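Chemist: Pasting in a structure now, in structure tokens, and then I'll have a few things to ask.
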Amino acid sequence: MTKYIFVTGGVTSSLGKGIISASLAKLLQARGFKVTIQKLDPYINIDPGTMNPYEHGECYVTDDGAETDLDLGHYERFLNIPTSQANNVTTGKIYQNVINKERSGEYLGKTVQVIPHITDEIKRYIRGLEVEGYDIIISEIGGTVGDIESLPYIEAVRQLRNDLGKQNGIVIHLTLIPYLSAAKELKTKPTQHSVKELLTYGIQPEILVCRSEHPITEDIRKKLSLFCNVDINSVIESRDASTIYDVPLLMLKENLDTTVLRKLGLDKRNEPDLTAWKNFLGKLKNPLHEVKIGVVGKYIELQDAYKSIYESFVHAGAENETIVNVINIHSEDLEEEGSLKQLESLNGILVAPGFGERGIEGKLVAIKYARENKIPLFGICLGMQCAAVEFARNVLKIADAHSAEMDSKTPNDIIHLMEDQKKVKNKGGTMRLGAWKCEIEPDSIVGRAYGTNVIYERHRHRFEFNNKFKADFISKQFMPVGIHKERDLVEIIELKDHPWFVGVQFHPELKSTVENPHPLFTSFVRAAIENRKNNKKEIVQSVNEEA
Ligand code: GLN
């Protein structure tokens, strides 16, 4: 039988429910349990695909083409197993299903209500993963207890615990213990109130995980135990960690996994096997090299917009025993005079994915600089498309070369709308999404990095390289080295005569995990190490006559 752990949040948002859930799952997985995590998001969008990064951070894409919450990225990076459509539920999806059922007559004769119809649908979704035979499913409930929009989820958890029996579904409440510096004291009152709030909905949490900047003393534990009605061993401290990848080990020290297993009435099985994890941490914390890599994007002020890219650098850095200092560079800043200074000390440049015109010219500046100065360049999705446009303008000398996304009138649409996108009207869930096959040229940078000829990578785009220009590009050593044969789509390009210049139409960052760093990120960081060794040659800044 599948057992459930529901994770709720109290006091404030951004306490890191995703990291706590992923860390707990890692420990249970390392003991031999089959575990997965699902995220229940209380917003009315069907998925985050239609939100911008200011609203929602990165949109994470699964193999089966779901546009999901970025927490699913943490789940995959920690557990090293793929998630799917079923791992992310939103209020939008729940309501859409209920309304469709109402229209088709499934509730004929009845008034359709939040309880029981919406809560039944939530419960159905939560239990949808059971068919895959998990021992334990962790359900993370988005938002903070007390939010109006998360109420139906909390109510569904209350009902589900009654349906399953309390021992088969426990609640972990993640909360904040603030430190008042004037009083030099940790304060438990906000937590007491948030547990009280949960109690008014009929839920007594079994475990409290307490986020804090200071150690939670025995006294504080006793107080929390007394006022919140949890046993003292179930008050778990979660101090700020220097890296999120320390959290599983910190939770192990606090016995979160064994406490959970005891509450669920499960045997502890083996001691957790964390060999690979500790190996990774060992390399992460004892680097031999250091490189500087610029990430050029238009959302660099947001911590979450390029989450998976940043994490992929952590994995690839550890793999190479290297600190990767990521330097965030605003693409619009590169449009200013004299801005190339920002690029001068970099050992590698990554041009980020994105949509729309803002910052494009700055991305082209960064690419030109990397190409001419032989600095490793990694273009991802829009970054690859920009690499093609830059090459067309400055090497093939096509002055009005552009992507049709930015200039729908240009006759030189180096990047154009994919054929099957032309009939698409609705915006939600209609891009080319999910994992697609790509065949790669073995004798290439990417061929050597992957060590295989066939790959499956995840996509999220509407535009593609225009094959009309392929021969011109090849004639100047800009090589298509990865192709989706079924539809003849260029998925990877490489420049010959450059140490490392790679553009990919897919998102490799979505498949990098602690235990399987992505080969392209690993290879890119290695190229950056080489660049640093061979530095510093004269910097080239050619003048573009067309400009
Ligand atoms: N905007 C581009 C497209 O739709 C690239 C998308 C991306 O970078 N994810 O094709």
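The values are calculated or read from the model by the stated rules, or taken from the named source; none is laboratory data. As the structure is a prediction and not an experimental result, all values here were calculated from the model. As a convention, Cβ positions derive from the backbone with ideal geometry for all residues, glycine included, and neighbour counts pool all protein chains shown. Just so you know, the surface numbers come from the protein's heavy atoms only, side chains and all, with ligands and any DNA or RNA stripped out. Shrake-Rupley method; radii C 1.70, N 1.55, O 1.52, S 1.80 Å.
Chemist: Using Cα-only point scatterers and the Debye equation, what is log10 of I(q)/I(0) for region 1-132 at each q in 0.10, 0.15 Å⁻¹, rounded to two decimals?
Modeler: For the requested q values the scattering log ratios are -0.37, -0.80.
Chemist: With no solvent and one point per C-alpha, what does the Debye sum give as log10 I(q)/I(0) for region 394-547 at q = 0.09, 0.10 Å⁻¹?
Modeler: -0.35, -0.44
Chemist: Treating only the Cβ atoms of Lys and Arg (+1) and Asp and Glu (-1) as charged, compute the dipole magnitude of region 248-383 about its Cα centre; round to the nearest 20 debye.
Modeler: 560
Chemist: Considering only protein heavy atoms and a probe of 1.4 Å, how much of the accessible area of region 247-302 is carbon and sulfur, as a whole percent?
Modeler: Result for region 247-302: 48 percent of the exposed heavy-atom area is carbon or sulfur.
Chemist: What order do you get for 338-348, 321-331 when each peptide is scored by the mean count of other beta carbon atoms within 10 Å, highest first?
Modeler: With the highest mean Cβ count within 10 Å placed first, the list reads 321-331, 338-348.
Chemist: Related question: Amide H neighbours of residue 169 under 5 Å, at least 5 residues apart or on other chains, H built in the peptide plane: list them.
Modeler: Hits under the 5 Å cutoff: 4.
Chemist: Rounded to whole Hz and in sequence order, give me ³J(HN,Hα) for region 497-513 from the Karplus expression 6.51 cos²θ - 1.76 cosθ + 1.60, θ = phi - 60°, writing x for Gly and Pro.
Modeler: 6, 8, x, 6, 9, 10, x, 10, 7, 9, 10, x, 4, 7, 10, 7, 10
Chemist: Tabulate in residue order the Karplus-calculated ³J(HN,Hα) for region 380-394, using 6.51 cos²θ - 1.76 cosθ + 1.60 with θ = phi - 60°, rounded to whole Hz; enter x for Gly and Pro.
Modeler: 10, 6, 4, x, 5, 4, 5, 4, 5, 5, 4, 5, 4, 5, 9
Chemist: Could I ask something else about it? Non-local amide H neighbours of residue 489 (under 5 Å, H modeled in plane, Pro and chain starts lacking H): which ones?
Modeler: When sequence neighbours closer than 5 places are left aside, the close amide H contacts are 484.
Chemist: Of the peptides 377-385, 172-180, 101-109, how do they stack up when ordered by the mean number of other Cβ atoms within 10 Å, highest first?
Modeler: Peptide ranking by packing, descending: 377-385, 172-180, 101-109.
Chemist: Summing -39500 (n - 2.57) over the DSSP H runs of n ≥ 4 in the chain and dividing by its residue number, what mean residue ellipticity at 222 nm do you reach, to the nearest 500 deg cm²/dmol?
Modeler: Dividing the helical sum by the residues of the chain leaves -10000 deg cm²/dmol.
Chemist: Relative contact order for the chain using alpha-carbon pairs under 8 Å, separation at least 6, rounded to a whole percent?
Modeler: Working: 1094 pairs, mean separation 82.6, N = 547.
It rounds to 15 percent for the chain.
Chemist: Would you work out the charge dipole size for the chain about its Cα centre, treating the Cβ of every Lys and Arg as +1 and the Cβ of every Asp and Glu as -1, and quote it to the nearest 20 debye?
Modeler: 1080
Chemist: Of the accessible area of region 187-238, with the probe set at 1.4 angstrom, what percent is carbon plus sulfur?
Modeler: On region 187-238, the fraction of accessible area on carbon and sulfur atoms equals 53 percent.
Chemist: Given the pairs 26/292; 17/263; 39/307; 222/263, which are separated by over 23 angstrom at their Cα positions?
Modeler: Beyond 23 Å between Cα atoms: 26/292.
Chemist: Rounded to the nearest 20 debye, what is the charge dipole size of region 163-213 about its Cα centre when +1 sits on each Lys and Arg Cβ and -1 on each Asp and Glu Cβ?
Modeler: Its charge dipole is roughly 180 debye.
Chemist: Based only on the alpha carbon positions, what is the Kirkwood hydrodynamic radius of region 447-536, in angstrom?
Modeler: That comes to 14.6 Å for region 447-536.
Chemist: OK, next. What is the Cα centroid distance between region 198-230 and region 63-139, reported in whole angstrom?
Modeler: Distance between centres, Cα-based: 29 Å.
Chemist: Taking the solvent-accessible surface of protein heavy atoms with a 1.4 Å probe, what is the per residue accessible area of the chain in Å²?
Modeler: Solvent-accessible surface per residue comes out at 42 Å².
Chemist: Here's something else I'd like to know. Rounded, prolate or oblate, given the Cα gyration tensor of region 181-270, with a/c below 1.5 counting as rounded?
Modeler: Details: a/c = 2.01, a/b = 1.12, b/c = 1.79.
Oblate shape, in that a/c is at least 1.5 and b/c is the bigger or equal ratio.
Chemist: Roughly what angle does helix 17-30 make with the longest principal axis of the chain, taking Cα atoms, 0 to 90 degrees, to the nearest 10?
Modeler: For 17-30 against the chain, the angle is about 80 degrees.
Chemist: What are the ³J(HN,Hα) values, in whole Hz, obtained from phi via the Karplus relation 6.51 cos²θ - 1.76 cosθ + 1.60 with θ = phi - 60°, for each residue of region 54-71 in sequence order, with x given for Gly and Pro?
Modeler: My calculation for region 54-71 gives 5, 7, 9, x, 5, 9, 8, 10, 8, 4, 7, x, 7, 8, 9, 5, 5, 4 Hz in order.
Chemist: Using only Cα atoms, locate the centre of region 292-346 and the centre of region 1-44, then give the distance between them in Å, rounded to an integer.
Modeler: Region 292-346 and region 1-44 have Cα centres spaced 30 Å from each other.
Chemist: Report the one residue of 13, 82, 28 whose Cα lies farthest in the direction of the positive end of the charge dipole of region 1-139 (charges on C-beta: Lys and Arg +1, Asp and Glu -1; origin at the Cα centre).
Modeler: Final value for the positive-end residue is 28.
Chemist: Under a 1.4 angstrom probe, counting protein chains only, how are 54, 134 ranked by accessible area, largest first?
Modeler: Result of the area sort, largest leading: 54, 134.
Chemist: So who's got an amide H within less than 5 Å of the one on residue 290, skipping anything under 5 residues away but keeping other chains? H placed 1.01 Å off N, in plane.
Modeler: 323
Chemist: With the Cα gyration tensor of region 112-189 in hand, convert its eigenvalues to equivalent ellipsoid semi-axes via √(5λ) and list them largest first in whole Å.
Modeler: So the three semi-axes of region 112-189 are 31, 17, 10 Å.
Chemist: Follow-up. Obtain the radius of gyration and the Kirkwood radius of the chain from its C-alpha atoms and give Rg over Rh.
Modeler: Over the Cα atoms of the chain, Rg/Rh equals 1.00.
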